[in-house]
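Visitor: Below you will find the structure I want to go over with you.
FYI, it's all coordinate maths here, none of it is from the lab. Worth saying up front: this structure is predicted, and the values here are computed from it rather than measured. Neighbour counts run over all protein chains shown; Cβ positions are idealised from the backbone, glycine included.
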């Protein structure tokens, strides 16, 4: 009983499609002699001639044409099988869609989200940055799995959602070396009249910082206001003025931007939330992010003011 060797059949299929052994040899990266041997063995196995000489080329016999039609189907199914396996492998890397409010410091966002890259079942991160209302609208219609924000979901936003505190950190004042060296006096008095870069009105820490400055009777020279924390730090790096950032990432800020610490404001606290449509975090990625934020990122920034500022985990608003 004849048995079909699929390697022989592949060589025959390549010769039939290309029209010559020489062209098939170039495509398959094997010698013409090897292809000729394989074709001869296939014909002997099937007991039929598949190709015959026609001038300087080859032509299919009637049996060869019928065999070619079967070979087309066989290799087409083989390609479909491989594509299916590739798709299945790709599907294992499920998309995990994260919205990040533009008021959240980029270095904080990275350190919160990064643990999701190391799960046993990998996910494909899809990060979207924008204003909080737009991100919450996308969360409501399941275009996002989670939103990272510096404030809880506003009570007036009529969407079923839950606030999950990730951590809190007080803030430190930083400045470029030239700016710091020009300051006179002790902290915090040296802030009075000093060039200062304020967070924009859309940033949650802004009113707390403004109130602290008023309470201390300090009036820095406000050089600019920035909604985007990365842009604010870039201006601070360039020497435009002093700025505040979470104490939890102070070492990173000094190393990344080449700035120095000026002083710590323990009563002004930045908070971070994960907002989801789940009452409890269930997705492995959100759990990994929450644990890493609480234990690794914010674990070392636990002053009394920070502990007092931690809100209870709970529901934002149901619509």
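Visitor: Can you tell me, using C-alpha contacts under 8 Å and at least 6 residues apart, the relative contact order of the range 62-189 as a whole percent?
Guide: Working: 99 pairs, mean separation 30.2, N = 128.
Relative contact order for the range 62-189 comes out at 24 percent.
Visitor: From the helices alone, meaning DSSP H stretches of at least four residues, give me the mean residue ellipticity at 222 nm for the chain, per-run term -39500 (n - 2.57), in deg cm²/dmol to the nearest 500.
Guide: Numbers: 12 runs with 132 residues, N = 319.
-12500 deg cm²/dmol, from helical runs alone.
Visitor: Could you check the simple spin-label distance between residue 160 and residue 48, using points 7 Å along Cα→Cβ, in nm with one decimal?
Guide: Going by the 7 Å Cα→Cβ label model, 6.4 nm.
Visitor: Measure out, as a whole number of angstrom, how far apart the alpha-carbon centroids of the range 202-247 and the range 151-193 sit.
Guide: 7 Å
Visitor: Here is a follow-up. Report the extension gain between residue 5 and residue 70 in nm, rounded to one decimal, defined as 0.36 nm multiplied by the number of residues separating them, less their alpha carbon distance.
Guide: 22.0 nm
Visitor: Given axes a ≥ b ≥ c from the Cα gyration tensor, I'd like to know whether the range 170-270 is rounded (a/c under 1.5), prolate (a/b larger than b/c) or oblate.
Guide: On the way: a/c = 1.29, a/b = 1.06, b/c = 1.21.
Rounded.
Visitor: Among 190-196, 79-85, 10-16, how do they line up from the highest to the lowest mean number of other beta-carbon atoms within 10 Å?
Guide: 10-16, 190-196, 79-85
Visitor: Which one of 282, 56, 160 has the biggest mean-square fluctuation once the chain is modelled by GNM with Cα springs under 10 Å?
Guide: For the chain, modelled as a Gaussian network with Cα springs under 10 Å, the answer is 56.
Visitor: Which distance in nm do the two modelled labels at residue 59 and residue 230 give, with both placed 7 Å along the Cα-to-Cβ direction?
Guide: Once both label points are built, they end up 6.6 nm from each other.
Visitor: Taking neighbour counts of Cβ atoms within 10 Å as a proxy for exposure, in what order, fewest first, do 34, 103, 25 appear?
Guide: 34, 25, 103
Visitor: Once the Cα atoms of helix 206-215 and of the chain are each reduced to a long axis, what angle between those two axes, in degrees from 0 to 90 to the nearest 10, is obtained?
Guide: 20 degrees
Visitor: D for the range 6-89, whole µm²/s, Stokes-Einstein with Kirkwood Rh over alpha-carbon pairs at 25 °C and 0.890 mPa s: what number? Intermediate results must be reported in sequence, preceding the final value.
Guide: On the way: Rh = 13.5 Å.
Reported coefficient: 182 µm²/s.
Visitor: GNM on the chain, C-alpha springs below 10 Å: top fluctuator among 26, 274, 248?
Guide: Of the options given, 26 has the highest mean-square fluctuation.
Visitor: If you rank 253, 146 by fewest surrounding Cβ atoms within 10 Å, what's the result? Numbers along the way, then the final one.
Guide: On the way: 253 23, 146 26.
Listed from fewest to most nearby Cβ atoms, that is 253, 146.
Visitor: Also, quick follow-up: What percent does the relative contact order of the range 170-270 come to when contacts are Cα pairs within less than 8 Å and at least six residues apart?
Guide: Over the range 170-270, the number comes to 50 percent.
Visitor: Can you compute the modelled spin-label distance between residue 36 and residue 280, with each label point 7 Å from Cα toward Cβ, in nm?
Guide: That separation, rounded to one decimal, is 7.4 nm.
Visitor: Can you tell me, using C-alpha contacts under 8 Å and at least 6 residues apart, the relative contact order of the chain as a whole percent? Please list the in-between numbers first.
Guide: Working: 544 pairs, mean separation 69.9, N = 319.
With pairs under 8 Å counted, the relative contact order is 22 percent.
Visitor: When a footprinting reagent is the concern and you count Cβ atoms within 10 Å, what order do 215, 227 take, fewest first?
Guide: Values: 215 9, 227 16.
Placing the least packed residue first, the sequence is 215, 227.
Visitor: Something else now. Over the alpha carbons of the chain, what is the largest minus smallest coordinate on each principal axis, giving the biggest first in Å?
Guide: Per principal axis, max minus min of the Cα coordinates gives 101, 48, 29 Å.
Visitor: Quick one: angle between helix 6-18 and the longest Cα principal axis of the chain, in degrees between 0 and 90, rounded to 10, please.
Guide: 90 degrees
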